[in-house]
Amino acid sequence: AQSVTQLDSHVSVSEGTPVLLRCNYSSSYSPSLFWYVQHPNKGLQLLLKYTSAATLVKGINGFEAEFKKSETSFHLTKPSAHMSDAAEYFCVVNDGSGNTGKLIFGQGTTLQVKP
Amino acid sequence: SQTIHQWPATLVQPVGSPLSLECTVEGTSNPNLYWYRQAAGRGLQLLFYSVGIGQISSEVPQNLSASRPQDRQFILSSKKLLLSDSGFYLCAWGLGVVRGYEQYFGPGTRLTVT
């Protein structure tokens, strides 16, 4: 069965410092992996996705993630945090059930950005 | 371009009252549609999904139901709300493997059951 584990429930950084949000996945086949962001009381927005092309994936707002099959990881990074990056971040994997397109969500990581 | 609408944005309902949340998608055809619930401070729980008109799959047994009367319309209902139904309800659409399993989310409905 497919699953994702977000290793930190809460990450706090200072503005201008790097961001690292960690995600490990488990999958019996080549997965599609995603990072979504959710600001308070808003819907989820797709940051980036990996679908078996380049292992380093660039997304919106300066975020990127690297797919490492040997480590079963898909960590999200950003070189310099902005105050507007404060939000909830979800690592997601497709569940492999064909055309149902169902996704499996991690429990989320709350990113706090301090001035 | 595609857009997804949800309404209402917020709702306060007493225990035992009925519920109807609506979701519509524009700009695409035959999408997969999904209802999620997000309890306070927790992750997303998939409630229902639909791969076509009249086709509804339930992920979690509960007092909620879903219907898809039209291709791009998805409705979440309840006959009698419980306190535990409070949460943030999100509708999403996707095209499955055709678009790499991406899902696109609506703005959500905040439901408070009192």
Task: region B:32-55: number of residues that are at the interface with chain A (Cβ under 9 Å from one of its Cβ atoms) and either within 14 Å of residue B:70 (Cα to Cα) or within 14 Å of the chain's Cα centre (by Cα) (or both) - done: 9
Task: Matching entry among B:68, B:42, B:37 (being charged (D, E, K, R) and open to solvent by 60 Å² or more (accessible area, probe 1.4 Å)) - done: B:42
Open item on the list: Quick check on region B:97-114: of everything there that is of a type in the set (Val, Ile, Thr) and more than 7 Å from chain A (Cβ to nearest Cβ), which residue is surrounded by the fewest Cβ atoms within 10 Å (Cβ to Cβ)?
Closed with: B:114
Task: Residues that are at the interface with chain A (Cβ under 9 Å from one of its Cβ atoms) and either open to solvent by 60 Å² or more (accessible area, probe 1.4 Å) or farther than 16 Å from residue B:92 by Cα (or both), drawn from region B:56-65 - done: B:59
Open item on the list: Going by what's in this entry, would residue B:21 be described as surrounded by 13 or more Cβ atoms within 10 Å (Cβ to Cβ), within 13 Å of chain A (Cβ to nearest Cβ) and out of contact with any helix residue (DSSP H, G or I) (no Cβ under 8 Å at 6 or more places or on another chain)?
Closed with: no
Task: Residue in region B:105-113 that is in contact with a helix residue (DSSP H, G or I) (Cβ under 7 Å, 6 or more places away or on another chain) and at positive phi present - done: no
Open item on the list: For a quick check of your reading: which strands (runs of 3 or more DSSP E) sit entirely within chain A and have at least 1 residues that are closer than 21 Å to residue B:97 by Cα, facing chain B (nearest Cβ under 10 Å) and open to solvent by 60 Å² or more (accessible area, probe 1.4 Å)?
Closed with: A:44-50
Task: Residue among B:84, B:50, B:58 that alone is within 28 Å of residue A:10 (Cβ to Cβ), without any contact (Cβ under 8 Å) to a residue 60 or more places away in the chain and not hydrophobic (A, V, I, L, M, F, W, C) - done: B:84
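The values are calculated or read from the model by the stated rules, or taken from the named source; none is laboratory data. All figures in this text were calculated on a predicted structure; none of them were measured in a lab. FYI the Cβ positions are ideal-geometry reconstructions off the backbone, even for glycines, and counts take in every protein chain you see. Surface areas here come from the heavy atoms of the whole protein model, side chains and all, with no ligands, DNA or RNA. Shrake-Rupley method; radii C 1.70, N 1.55, O 1.52, S 1.80 Å.
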